[in-house]
Ligand code: MN
């Protein structure tokens, strides 16, 4: 290739790279396709896009290591069983409370919970929802601020590892917490939004200050568009 041609081609590639970066975030670089029927869904944003509230380092470990390991373990523990042919939600439901399937449940539920958690956040999120969801929060909690306070306090009240959720149950909105891998899916509740309060979700960025993390989630990350779509 002549030098002038090379420069033209190189400039073309540079233009493509710039255009692509503006349109869509690059896929997470650390994650290979999982071997088995259960896959690690792509993150809805790039690692750095939730900064400064969640660092790229935290998100990279949380998604690329923790979430991926749950997927890998689920594939390993269901290999050669009937469970491997089922949708993820069915695996969660069928193994809940079954003592000898605890390892399958823990990994299946953690895969589901984390996928839901990533969708529960967005760059530029937080603040108040609008429309029907806001009206229902006001009705069931007495106001958005009262809901916000309940969500944060419930996240703090979860002793050890777990999750805080906004769910619907019997037509009403509720805030609930679950321990470890437990999930509202198996308690007759429909999740709208969740925040992961396991230490791995915030320790690199907030150390032991879980309250600061849950407040940052509520005020700067919560994806109310996603939550409203679950109603
Ligand atoms: Mn987690």
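None of the figures in this text is laboratory data; all of them are computed from the coordinates on show. As the structure is a computational prediction, the values presented were derived from the model and not from experiment. Note: ideal-geometry Cβ built from the backbone for every residue, glycine included; neighbour counts use all protein chains shown.
Numbers at a glance
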quantity: Relative contact order (%) - the range 56-119, alpha-carbon pairs under 8 angstrom, separation at least six; calculated: 38
quantity: Geometric extent, Cα atoms of the range 56-119 - Rg, Dmax (angstrom); calculated: 12.1, 37
quantity: Normalised per residue, the volume of the convex hull around the Cα set of the range 34-185 (Å³); calculated: 132
quantity: Likely footprinting exposure, 132, 211, fewest C-beta neighbours within 10 Å first; calculated: 132, 211
quantity: Relative contact order for the range 131-229, counting Cα pairs under 8 Å that sit 6 or more residues apart, in percent; calculated: 25
quantity: Separation of the residue 203 and residue 51 label points, Cα + 7 Å toward Cβ, nm; calculated: 2.3
quantity: Ranked list, fewest to most other Cβ atoms within 10 Å of each Cβ, for 105, 61; calculated: 61, 105
quantity: Sorted by Cβ density within 10 Å, fewest first, the residues 76, 122; calculated: 76, 122
quantity: Cα-based Rg / Dmax (Å) for the range 185-231; calculated: 12.6, 34
